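A short worksheet on the structure shown next.
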Amino acid sequence: MYSNTHPVNVLKFCPRCGSVHFPATGNRSFQCDDCSFNYYVNSSAAVAVLLFNEKGELLLTRRAIEPHLGKLDLPGGFIDPMESAEQSAVREIQEELGIPVHSLKYFGSFPNEYVFSGFSVFTIDLAFFAQTENLNEMTAMDDVASFEFHKLQDIDPKEMPSISMFNIIKELIKREGTY
Ligand SMILES: [Zn+2]
C-alpha cells in the first residue's frame, strides 16, 4: 500500500473549501464532495547539474538539510513555476555554489520520491551537463554544506541515498564515452 508520507495518507481537507469530505479518487487524484474541487498529484520537475573538473571527476555536494542531511547529492533543485529547466539549472548553481554556468546539454530524466516535511513529493529530475570557467571560485551556500569531486566509479551508493541521483551516476557510467 502507500507509504505514510504518500499524499493519499497525508491530505485530509479540501484546499479550496476546507471540507473534510475530500476522498482520494485513485492513487494520484482527489475530489471534494462539497465543492467538486479536483486535485491531482503530478511529478514536480527538478534539475540536477553535471559539472566535471579537468580530471574528469564529477562535482557532488553535501546536503545541509533533510532529507539525507550530510549525504552526497548533485547540485540542483526544484524548478520554479513558469521557469524553464535551463533557467532553473543556472539559478540553482548560482544560489548553491555562487558561480555562473552555461552551455547546458540535456542528459536524461530520472524519477524520485522525495520526502520533505513528512510529505512525499514525486519528482522528475532532469539532468543537464553544464560548463563553467569558475570551478575554482565555488562557495557552498543555501542547502549545500560543502562540495567535493569524485570519480564516477568511486561513488558509494550508501553516501548517495537519493534514488534518482544515484541512477544518474549509473547512467553516466553506462554511457561513458558517448557524452
Ligand atoms: Zn471543497
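The values are calculated or read from the model by the stated rules, or taken from the named source; none is laboratory data. Fair warning: this is a prediction, and the values are worked out from it, not measured in the lab. Neighbour counts run over all protein chains shown; Cβ positions are idealised from the backbone, glycine included.
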Tell me the residue from Ser117, Ser109, Ser103 that is farther than 21 Å from Ile173 by Cβ and modelled with pLDDT of 95 or more, please. Ser103
Cβ-Cβ under 7 Å, sequence separation 6+ or interchain: first residue in region 72-99 and assigned by TED's automatic domain parsing to the domain that holds Glu113 and crowded, with 16+ Cβ neighbours inside 10 Å, partner assigned to a loop (DSSP other than H, G, I, E, B) and of a type in the set (S, T, N, Q). Which pairs? Asp73/Ser162; Leu97/Thr139; Ile99/Thr132; Ile99/Asn134
Please work out if Gly18 is in a loop (DSSP other than H, G, I, E, B), out of contact with any strand residue (DSSP E or B) (no Cβ under 8 Å at 6 or more places or on another chain), at positive phi and not assigned by TED's automatic domain parsing to the domain that holds Ser120. yes
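Just to be sure I understand, how many residues within region 38-71 are of a type in the set (Phe, Trp, Tyr) and loosely packed, with under 15 Cβ neighbours inside 10 Å?
Looking only at that region, the number is 1.
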Residue, farthest from the chain's Cα centre (by Cα), within region 1-41, restricted to residues that are charged (D, E, K, R) and more than 10 Å from the ligand (Cβ to nearest atom): Lys12
